[in-house]
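Here, each number is a calculation from the coordinates, and none is a lab measurement. What you see is a predicted model, and the numbers here were worked out from it, not measured in a lab. Cβ: placed from backbone, ideal geometry, glycine included. Neighbour counts: every protein chain shown.
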Amino acid sequence: METRTRNTIVFMPDESLMEVSYYCTDSMLNEHEKAAVTQLVIQFDDCVCSLKIDRSFSANKNTLERMVHNKVINAKGHLC
């Protein structure tokens with residue numbers, strides 16, 4: 001499932017703010033994976049991180065945004 005690029009602000013535990021862009025794409029998946037998963041791409045600064053997520057999550061903007069926030073916070077802003 002392809003989605004448009006969205007932006008969000010992540011409030012880090014050290015009280016700093018981080019602007020993050022994210023979107024879903026299927027272009028880097030093989031044919032049998034496309035039925036079950038999609039790829040969530042998270043970008044900020046000069047860093048790009050991609051995660052394979054269940055396709056059903058990509059339909060809900062709030063779920064995607066929560067996943068992005070959790071991933072960035074858990075990685076302490078150092079995904080690369």
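In Å, what Rg and Dmax follow from the Cα atoms of the chain?
When restricted to the Cα atoms of the chain, Rg and Dmax are 12.6, 42 Å.
Taking the Cα centre as origin and putting +1 on Lys and Arg beta-carbons and -1 on Asp and Glu beta-carbons, what dipole magnitude results for the range 6-74, to the nearest 20 debye? Walk me through the numbers before you get to the answer.
Numbers: 7 positive and 10 negative charges, 66 e Å.
Using Cβ point charges on Lys, Arg, Asp and Glu, the range 6-74 gives about 320 debye.
For the chain, what does -39500 (n - 2.57) per DSSP helix run (n ≥ 4), summed and divided by total residues, give at 222 nm, in deg cm²/dmol to the nearest 500? Write out the running numbers ahead of the final one.
Working: 1 runs with 14 residues, N = 80.
Helix contribution divided over all residues of the chain: -5500 deg cm²/dmol.
If you filter the chain for trypsin sites (Lys or Arg not before Pro), then keep DSSP loop positions with at most 12 other Cβ within 10 Å, what is left?
Details: sites: Arg4, Arg6, Lys34, Lys52, Arg55, Lys61, Arg66, Lys71, Lys76; in loops: Arg4, Lys34, Lys76.
Taking the chain and a limit of 12 other Cβ atoms within 10 Å, the loop trypsin sites (Lys or Arg not before Pro) found are Arg4, Lys76.
So which lysines can Lys61 reach, going by Cα to Cα under 22 Å and dropping same-chain residues fewer than 8 places off?
List returned: Lys34, Lys52, Lys71.
Which whole-number percent is the relative contact order of the chain (Cα, under 8 Å, 6+ apart)? Each step should come with its number before you reach the end.
Values: 120 pairs, mean separation 20.8, N = 80.
Relative contact order, the chain: 26 percent.
Suppose R0 equals 25 Å; then what is the FRET efficiency for Cys47 and Arg4 from their Cβ-Cβ distance, rounded to the nearest 0.05?
On the way: r = 20 Å, r/R0 = 0.82.
Using R0 = 25 Å, I get an efficiency of 0.75.
Quick one: if you stick a label point 7 Å off each Cα along the C-beta vector at Asp26 and Ala75, how many nm between them?
2.4
If you keep only loop residues by DSSP, which GluC sites (Glu not before Pro) in the chain have at most 15 other Cβ atoms within 10 Å of their Cβ?
Values: sites: Glu2, Glu15, Glu19, Glu31, Glu33, Glu65; in loops: Glu2, Glu15, Glu31, Glu33.
Sparse-neighbourhood loop GluC sites (Glu not before Pro): Glu2, Glu15, Glu31, Glu33.
Could you tell me how many degrees, from 0 to 90 and to the nearest 10, lie between the Cα long axis of helix 61-74 and the main elongation axis, the longest principal axis, of the Cα atoms of the chain?
Tilt of helix 61-74: around 50 degrees.
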